[in-house]
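A short worksheet on the structure shown next.
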Amino acid sequence: MRRTLKAAILGATGLVGIEYVRMLTEHPYIKPAYLAGKGSVGKPYGEVVRWQTVGQVPKEIRDMEVKPTDPKLMDDVDIIFSPLPQGAAGPVEEQFAKLGFPVISNSPDHRFDPDVPLLIPEVNPHTASLIDEQRKKRDWKGFIVTTPLCTAQGAAIPLSVIFSNFKMTGAYVTTIQSLSGAGYPGIPSLDVVDNILPLGDGYDKKTIREVTRILSEVKRNVDEPKLQDVSLDATTHRIATVHGHYEVAYVTFKEDTDVNKIKEAMTNFRGEPQDLKLPTAPEKPILITEEDNRPQIYFDRWSGDPPGMSIVVGRLKQVNQKGIRFVSLIHNTIRGAAGGGILTAELLTEKGYLEK
């Protein structure tokens with residue numbers, strides 16, 4: 001029987017923090033043991049949290065005291081989950097890693113450090129080996145592993161299947177993203193009600209930069225084209241939905257490519273988490289819908305088992321002999337953040353990185 005791992009959740013009252021609390025409360029061997037916050041330190045979690053997710057604050061968590069983000073108070077903690085905001089996260093995560101803590105980060109601050117894995121467990125699990133390089137290079141007992149931007153995951157997971165198995169020459173993605181991707185309180189209502197809010201060139205570029213890194217690390221069954229010869233671009237937008245990022249992709253190929261072969265590859269896609277039967281791994285990372293009017297954000301964002309852990313792909317269409325189109329839907333705070341972080345922790349446990 002696997003030993004129980006005690007988890008600290010930084011920013012535990014935030015939108016991603018509450019998903020960590022909800023999911024870990026029911027986890028078989030990783031349990032929330034330390035809830036860290038800032039403005040609510042010393043108060044019961046149930047009194048200060050805005051529980052903006054399904055269900056209610058778990059009974060066993062309700063009376064837990066929110067505590068400072070201080071590693072000196074975490075002697076019995078085995079793992080740190082960090083959904084802290086950009087800028088604030090970087091130095092805090094480094095402090096924990098130096099002191100020997102494993103850190104799973106949803107923050108962008110370390111995503112492009114060459115010795116820090118940017119990990120999607122089904123797509124590039126072998127990059128966990130960068131932890132060994134990181135520890136040696138930085139003389140750390142702990143480590144930092146990052147999960148990608150939720151938007152990038154919604155594109156990268158289905159695109160990784162295509163890039164791995166077909167001679168892809170380009171992918172052009174348009175995203176329609178929910179409000180929760182901006183945290184709480186998020187976007188002013190007058191910016192998004194009766195409107196679609198473009199996120200701008202900066203967000204477009206960081207999305208593609210992350211997708212590019214992920215694709216560069218997948219194991220391929222075809223030799224060409226090389227990634228540097230593949231054209232990637234994105235336009236990103238936010239709309240007035242609560243959860244769920246909807247993405248439309250147009251993909252081109254070097255040779256005639258049958259959309260049914262791509263559908264088959266996505267349907268059969270699975271990775272180490274499925275082979276290992278990890279608790280948070282969905283049976284199918286990608287669910288294909290054949291209905292012409294699906295996926296829809298409202299009905300499909302909680303797809304998978306556990307709910308919200310599968311990407312839903314639909315509207316697969318042969319545009320021409322060398323081009324296809326599809327849409328994907330990801331639950332941004334589950335698969336794209338907390339659930340992806342927990343699945344990463346499970347994979348690292350299996351690989352021996354969370355042993356005392």
Kindly indicate whether residue 96 is part of a helix (DSSP H, G or I), within 22 Å of residue 78 (Cα to Cα) and in contact with a helix residue (DSSP H, G or I) (Cβ under 8 Å, 6 or more places away or on another chain). yes
So which residues in region 136-160 are assigned to a helix (DSSP H, G or I) and over 25 Å from residue 221 (Cβ atoms), if there are any at all? 136, 137, 138, 150, 151
If I go through region 161-185 residue by residue, how many of them are open to solvent by 30 Å² or more (accessible area, probe 1.4 Å) and part of a helix (DSSP H, G or I)? 4
Counting only residues in region 212-224 that are out of contact with any Ser or Thr (no Cβ under 9 Å at 6 or more places or on another chain) and either assigned to a loop (DSSP other than H, G, I, E, B) or more than 18 Å from residue 126 (Cβ to Cβ) (or both), the one most open to solvent (accessible area, probe 1.4 Å) is identified as 223
Per the list (1) under 24 Å from residue 113 (Cα atoms); (2) in contact with an Asp or Glu (Cβ under 9 Å, 6 or more places away or on another chain), residue check on residue 6 breaks on (1)
Here are the criteria: (1) open to solvent by 70 Å² or more (accessible area, probe 1.4 Å); (2) under 30 Å from residue 299 (Cβ atoms). Tell me which single one residue 208 does not satisfy. (1)
Step by step: first the residues of region 257-284, then only those that are buried (at least 16 other Cβ atoms within 10 Å of the Cβ) and part of a helix (DSSP H, G or I), then the one that is nearest to the chain's Cα centre (by Cα). Which residue is that? 273
Checking the condition open to solvent by 50 Å² or more (accessible area, probe 1.4 Å), over 24 Å from residue 185 (Cβ atoms) and modelled with pLDDT of 95 or more, which residue from 67, 72, 43, 98 passes? 98
If I filter region 299-333 down to residues being buried (at least 21 other Cβ atoms within 10 Å of the Cβ) and in contact with a Phe, Trp or Tyr (Cβ under 8 Å, 6 or more places away or on another chain), which single residue comes out as farthest from residue 79 (Cα to Cα)? 324
Taking the condition open to solvent by less than 70 Å² (accessible area, probe 1.4 Å) and over 17 Å from the mean Cα position of the chain (by Cα), does residue 200 pass? yes
Report the residue count in region 123-148 for those that are in contact with an Asp or Glu (Cβ under 7 Å, 6 or more places away or on another chain) and either among the charged types (D, E, K, R) or without any contact (Cβ under 8 Å) to a residue 40 or more places away in the chain (or both). 4
Any residue at all in region 220-231 that's aliphatic (A, V, I, L, M), under 25 Å from the mean Cα position of the chain (by Cα) and within 23 Å of residue 335 (Cβ to Cβ)? no
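The values are calculated or read from the model by the stated rules, or taken from the named source; none is laboratory data. On a predicted model such as this, the values are computed, not experimentally measured, just so you know. Cβ atoms come from the backbone with ideal geometry, glycine included; neighbour counts cover every protein chain shown. Remember, those area values only see protein heavy atoms, side chains included, never the ligands or the DNA or RNA. Shrake-Rupley method; radii C 1.70, N 1.55, O 1.52, S 1.80 Å.
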